[in-house]
Every structure is written in structure tokens, then in C-alpha cells.
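Below is one structure, written out as C-alpha cells, with a few remarks after it.
The values are calculated or read from the model by the stated rules, or taken from the named source; none is laboratory data. This one's a predicted model, so the numbers in the text were calculated from it and none came from an experiment. Positions of Cβ are generated from backbone atoms using ideal geometry, with glycine treated the same way; all protein chains shown enter the neighbour counts. For the accessible areas, the whole protein counts, side chains as well, though only heavy atoms, and no ligand, DNA or RNA atoms are used. Shrake-Rupley method; radii C 1.70, N 1.55, O 1.52, S 1.80 Å.
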Amino acid sequence: MEFDRVEAPVTAKAYLMCAFAAFAGMLFGYDSGYIASVLGMAEFKKAYGNPATGNYTTSQKSLIVAILSCGTFCGALVSGSLADRFGRRTTIIAGCLVFVAGVDIQVAHISITALVVGRLVAGFGVGFVSAVNILYMSEVAPRHVRGAIVSSYQFAITIGIMLASCVGFATQNRTDTGAFRIPIAIQFLWAGVLILGLLLLPESPRYFVKKGRLDLAMKALARVRGQSVESEYVLHELAEIQANFEYEQQLGEVSWLGCFTGGVLTGGSNARKVFIGTALQMFQQFTGINFIFYYNTTFFQQVGLRGPFLISMITTVVNVASTPVSFYTIERFGRRPLLIYGALAMMVCEMIIAVVGTARPDSQVANYCLITFVCLYVFFFASTWGPAAWVVVGEIFQLPIRSKGVALSTASNWFWNCIIAVVTPYMVEGSDGREGLGVKVFFGKYQGDNVHGPYADCTAIWAGLCLACAIFAYAVVPESKGLTLEQVDRMMEEVSARRSGKWRARENWARDLGADVMGGATVESIHLDHHKKISTSTASASAREVER
């Protein structure tokens, strides 16, 4: 059928090119993961802590961890405009260079100030990479495997976290500054590999369409689809992208303020999509996963588990092993089921950890329960909310606001990441002589009089937030499985989130849209018009080369 030719069959080359783009997750994962190990090292405490106590304070620990997220928040916001102006690939490379500068500051000087400044700068670069890479992957990945391809970004994050934990485990007993400098310096390698790889990958064809360079868009699309530039598949998909873009351009250029226009909960308005994207990333942080990966080593030390570095490494291995499950399930069952049932499963795990840990705090049974259900909790996150949240963010925005929408959503992730990183040490450890929650952080604390009456007023924390995640996913998040990015936009205009799973693209949608734009022209005339535009664009480019 004509509709089936909108996109080319997926080739091994297309898989490899899209999968390599996911390597950017290594920067995010490793940079987030190494800090959990070094915070528990004796040499790190000696070098950065108070000489009198041989340790750092809760406020210093909070600042060291959270400052990375502060930088990434700022970087993600800036990246949207840069991606539209200079291109997706160029912006990611620039982010890698900024990241390298931040790592250099961390390695060169041993002080809390240098570490904080270095992580702030590195975070700025990670903000570029994390926001624009999701945008890039969503725009180049074939629609039938887009969920799996974008999920591979989360997979790369988990590998980065695991490698950081393994390196920390290997260097923990060193008696020099190499104990923490080696884990930090290895980040140079990941940035270098990503830069070299990106130089070999094409720019996003949708970026070239946005810039009016259809000749370059056709070449880029042919590369990422593993087809020749004369392929009918390439022509049909390019016509689909261009016709949709021209239709959207009739509404005018979208500014940052324009991203918030329209109703928040109805239709396909910009405000609704920004709300879904930013809230989804907020709720991903509210699952409590970064409490595990930022503070797992020191948390396991605090609750008295033996071998905290080893247990920490085991949780990261579970994280890596679980994420590929989503490659199949996200395309088989869709985005909504993973988000809904994944949140409920995490809630159950957190409740069990908190209840057993509170009821029998000093028993071996409680320790085994803690390890087992933390691993199960990590499994459910890694196979559901971890990848699915990024996939949905990459799919729901139309081309005129896609870079800005993804940037705002990613910034939301990092903003709440920063808030949680700041408050978690105080929640768990307490401050100023006050006792923290310990394992009760997984579900809450009891307030009341220890002497005159029973505990009361249970305040839910992570488990309650996971329940909120499930409710949000059910009520708000649309199902975008198997649709092109242009079809997702049409679906959101026509149906609510709860009915989105039953929506089907009309076979002649691209023709109808093209006819509207072209004043009633047939699909053949649209294709001919695109041929002329491409030829004209190519001729103009050749003329410019001759002039040079």
C-alpha cells in the first residue's frame, strides 16, 4: 500500500547508526554514577573532608552531588536554541567539549571548590548532550523500532553507572589520590569516543527540512535508512516530513513563550505537550531512583550492610541487565502500560523495604530483604520508567517546537534531580544532631510522641510518589507506539490519552495534509514538487560551491 512506503524497511546499518548515538548516555550515566562510589572512599574523605573529623558534612555531600544537576538544568535549557541554530549533532559535540573542560577541573585540583565547579561545568555539557541526543535519536530512528532505539539511550546510561561502580570498586582500597582521580579521569575516554563517532554520523534530516535544505535532508535520510538517495522510500518519507512541516509553519514561528499556548489537558496544544514532557520527567525523578544511584554506597554503609561497594555494584549490574527487557516490551505492549504497571511495582518494592526495615532494623532478614527488593525495584525502573519516559518525550513534540520541548522536558528532569539530590542526605542522615529516616525514607516517617502514645501521621514519600506516577501515566500520557512523529501530533489533536491506544493513522493522511498545503494537489504532484525543491536546493548548493 502507498501508506506502507512512508518509511523504508529497517536495515542493520540503520540500527547501528541509531544505536551508536545512544552512546551519549555513557556520559550521563558514568558522571552520575562515579560520585556514589568516591563519596564512600577513605582517601576521598581524607582529601576533601574536615581534617579534624576525617569526613565531609551532610551539606558538603549534598552540594557535591546536586551541583551536577544544577549545571545540566542550565545546559538543557540553552541546548534547545543551539540545536535549532547549529544542528543537533554539532550541539552534542559542543556539549562533549564543555564536559571535558569540567572533568579537567575536577582532576587538576583537590578541593571542594574545584570539585563543585568542575561538576557544575561538566553538568552544563551533560545538559547539552542529554537533551539534544534524545531529540536527535527520535528524529532519525525508524518509527517501528523508535521506542527500542531510544531505550538504548537509557541502556547506555545504565552501562555508564555500572562501569563507574566497577571502577570505584577496583580503586576503593588505593592509598593515594588515584582512588578517586582514576574514576573521574576515565570520563575523558567516553567524551572522546562520542565526539569521534558523531563526526561520522549524519545530521538529523528533520533539522535540514526545518532549514529548507531538502538536498541535505535527502542525503541524511538516505544514510540513516540505509537506502540510496533515489529510493522511493526516501522520497515518500521526506515528502511526509516536509508536508507536515509546511502545514505547521502556517501557524507561524514558535517562540519559547509560544511553547505554553493552548489548553494544558486538551487537544494537541503546545502547552499540553510541554506539560506532559516536563511532568513526565519530574515523575521519573519522583520514583526515587537517583537516591539509589547517587547515595547507595553511603546508604548501605549507614544501615550496616557488609560490603557496601560490592552491593552497590550488584545493583548497577541489575540495572544494566534489566534495561534490554524494554527493547521488546516497549514496542510489544506500548509506552502507557510500562509507565503505569512499572510505577505500581516499584511502589510495592519500596513499601516492603520500609516495612521490614522498620519492623526488624537490626536483623539479617531485614538486610537480605533490603538487598533483594532494592534489586527488584531497580529491575522495574530499568525496564519501565527509565527508558519509557525518554521515549515519550522524544515523540510527543511537533517539529517547530521539538527542540524547545525536549529541552524543557530534560531541564525538568535535571531540576528535580537537583532538588532530590540536595534533600535526600538530610532525609536519610538528618542534620544538626537530628536523626534521619534511614530505611523509612522508602515510604515515610511517623510523627508522634515516643513516650505517651503510638506513632501516628504516616507521611508517604517514595512509595506514595510512585502511586502518583501511575495515576499520572494513566490519566495524561498518550500511547505513541508504531506512529511516525508526524502521526503522533495528529493523534494528540484527535483523542485523549486514555483513548490514544486505539487510534489508528488514516492511510491517506499524508496525502490529505499535502493537499491542504498545496491547495488540493494530488500526492503525485506533491512528490513532483518535492523533487523540484530538492533539485533546486541541490543546484543552489552547487552554485555556492562554484562561487567559492
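What to note about this one:
- Counting only heavy atoms of the protein chains and using a 1.4 Å probe, Trp503 has close to 30 Å² of accessible surface.
- Accessible surface of Val121 - all protein chains present, 1.4 Å probe, nearest 10 Å²: 40
- Taking 21 Å as the limit for the C-alpha separation, the pairs Lys273/Lys481; Lys13/Lys502; Lys13/Lys210; Lys13/Lys404; Lys61/Lys404; Lys481/Lys502 exceed it in the case of Lys13/Lys502; Lys13/Lys210; Lys13/Lys404; Lys61/Lys404.
- Under-5 Å amide H pairs with Asn55, H placed in peptide plane, nonlocal only: Asn50
- Full extension of the chain segment joining His144 with Ser255 gains 36.9 nm, where the gain is 0.36 nm per residue of separation less the Cα-Cα distance.
- Cα-projected label distance for Ala114 with Tyr474, points at 7 Å along beta-carbon direction, nm: 5.3
- Per residue solvent-accessible surface (Å²) - segment 7-201, probe of 1.4 Å: 32
- Pairwise Cα inverse-distance average, inverted: Kirkwood Rh of segment 206-251 (Å): 10.6
- Where N is the number of residues in segment 7-201, Cα Rg divided by 2.2 N^0.38 Å: 1.08
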